[in-house]
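Each remark here refers to the structure printed beneath this line.
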Amino acid sequence: MERLIIKGGNHLFGEIDCSGAKNAGLPILASTILLDGSAYIGNLPHLQDITTKLELLNSMGANINFHEDGFIEINSSNITLPEARYELVKTMRASILVMGPLVAKYGKAKISQPGGCDIGTRPIDFHLAGLEQMGAKITSDSKYIYLEAKTLNPIDFNFPKVSVTGTENLMMAATLIDGVTVLRNCAKEPEVVELANYLNSCGAKIEGAGESNISITGVSSLEASRWNVLFDRIEAGTYLVAGAITNGHVKVNKIIPQTIKILTKKLSDMGVGVNVGENYVEVDATSSDIIAQDIYTEPFPGFPTDMQAQFMTLNSIASGTCIIEETVFENRFQHVSQLKKMGADITLDNNKASITGVSNLVGADVSASDLRASASLVLAGLVGKNKTQIDDIYHIDRGYECIEEKLNKLGAEIIREPVVY
Ligand code: UD1
């Protein structure tokens, strides 16, 4: 176990490169199960979830090679054990992404019940309903879900609620189903579009990704291809908030600014100077008085739930009062109690938080409860007076590559130390 110790109060200055997106890399890795031959995937972030996914593929029989140019070669075309073991995937909900590809390519799958961040009940009923409608026979026990199908049929499926991994799972399965599958009320997230683009580069016929309705015409096989994973829009947004909250000047490179338009607009509305280039965004808050702004989380292109916690920290030191309403997950305010320990003035009413800005936060001993909540505590620590200690940081390592290295490069003072009991 490790913890982060942050000495707050430094203004952050400088530039950093954004890493590849975990939420784009994970489905792309799962999709290699559908392919014939070796896929070469680049710009994968060095994160625990990516390592777990590679171990998972390897445990099923895939061959994995790390190349000097940074690309990872994955050959999942000879899976011998279509099983996602409990020990490997209990901490990673995205393990369920192998379900659609396994049943489509190998006719069966045994998948551990998903784990991951504790931000709500997070059912997978849409994934299962879609696969069942495709013809898979599904049974389960407390630890595993079992799927079997001789052949799958094309379906016309309407998601009752927008689901990112649900869209990805069914879209992947449909690529190898004879006929035309139509998925309605799909997630429009850039990571869904990225997966469709990747699969199309392998020979799939997916149309409409990024819109509500996606249509997939099945093909008999898919050839593996070479691909660089999309940048991480949540990482980029987190570092921009770090610049803003410390009254600093931070430039985040290697991104597509259009994709994070909603975040840069919010920062600008909060009084932060925002400069948008072709592949970078910089924030200048050196002379800004941050003004509180309401936030309402929604599926893309709305404000991302994965940035809610970080903007709550920013609002907690802003002038004025705002409301943050979380509409995607029912239990995503676990950072509130920790931010309050640091002096934030926040009142909760079900899925709404009312935040009145205070002049400064104060360092405290806090604990990370989930991935994005831990990012919000790091941001609080950057601005908080004195020292902040954050425990349970394994959550943050699931989603942020070298977070203390990147922030220290910008002038933060963060150390990681082992926890000795
Ligand atoms: C993905 C992201 C996660 C992000 C979330 C919302 C990955 C690996 N993770 O998670 O970072 O916070 O999108 O942008 O890409 N739901 C159901 N039944 C289902 C599926 C979902 O009721 O079968 C509900 C969920 O409980 C939630 C909502 O739909 O309330 C959206 O969840 P979903 O988009 O599926 O989230 P994930 O794909 O798990």
Among the residues of the stretch 172-179, is any free of Cβ contacts under 8 Å to residues at least 24 places away in the same chain and within 16 Å of the ligand (Cβ to nearest atom)?
no
Return yes when LEU131 is farther than 27 Å from THR297 by Cβ and either within 12 Å of the ligand (Cβ to nearest atom) or in the same structural domain as PHE300 (by the TED database) (or both) and no when it is not.
yes
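Yes/no per residue for (1) surrounded by fewer than 16 Cβ atoms within 10 Å (Cβ to Cβ); (2) in a helix (DSSP H, G or I):
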site: PHE311; (1), (2): no, yes
site: ILE324; (1), (2): no, no
site: GLU330; (1), (2): yes, no
site: THR347; (1), (2): yes, no
site: LEU382; (1), (2): no, yes
site: GLU401; (1), (2): no, no
Subset of the stretch 312-328 that is over 15 Å from LYS340 (Cβ atoms) and of a type in the set (A, V, I, L, M, F, W, C) - its residue that is modelled with the lowest pLDDT:
VAL328
Exclusive hit being among the aliphatic types (A, V, I, L, M), within 15 Å of the ligand (Cβ to nearest atom) and not assigned by the TED database to the domain that holds ASN351, set ALA104, ALA84
ALA84
State all residues of the stretch 1-32 that are of a type in the set (A, V, I, L, M, F, W, C) and more than 16 Å from the ligand (Cβ to nearest atom); if no residue qualifies, say none.
MET1, LEU4, ILE5, ILE6, LEU12, PHE13, ILE16, CYS18
What residue, of LYS261, LYS265, LYS188, LYS251, is part of a strand (DSSP E or B), surrounded by fewer than 21 Cβ atoms within 10 Å (Cβ to Cβ) and modelled with pLDDT of 95 or more?
LYS251
Taking the criterion of being surrounded by 19 or more Cβ atoms within 10 Å (Cβ to Cβ), within 21 Å of LYS22 (Cβ to Cβ), assigned by the TED database to the domain that holds LEU26 and within 16 Å of the ligand (Cβ to nearest atom), would at least one residue in the stretch 59-68 satisfy it?
no
Cross-chain or 6+ apart pairs with Cβ under 9 Å, the stretch 88-103 first and in a helix (DSSP H, G or I), then within 15 Å of the ligand (Cβ to nearest atom) and of a type in the set (Asp, Glu)
ALA94/ASP49; LEU97/GLU168; GLY100/GLU168
Among the residues of the stretch 9-26, is there at least one that is over 28 Å from ILE255 (Cβ atoms) and either outside the structural domain of ILE245 (by the TED database) or β-branched (Val, Ile, Thr) (or both)?
no
Please name all residue pairs, on different chains or six or more residues apart, with Cβ atoms under 8 Å, provided the first residue is in the stretch 5-33 and is among the aromatic types (Phe, Trp, Tyr) and the second residue is surrounded by fewer than 24 Cβ atoms within 10 Å (Cβ to Cβ).
PHE13/GLY248; PHE13/HIS249; PHE13/LEU410; PHE13/GLY411
Please work out if LEU81 is under 25 Å from SER19 (Cβ atoms) and aliphatic (A, V, I, L, M).
no
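The values are calculated or read from the model by the stated rules, or taken from the named source; none is laboratory data. Predicted model only: the values in this text are computed from it and were never measured. Note that each Cβ is placed from the backbone with ideal geometry, even for glycine, and that neighbours are counted across all protein chains shown.
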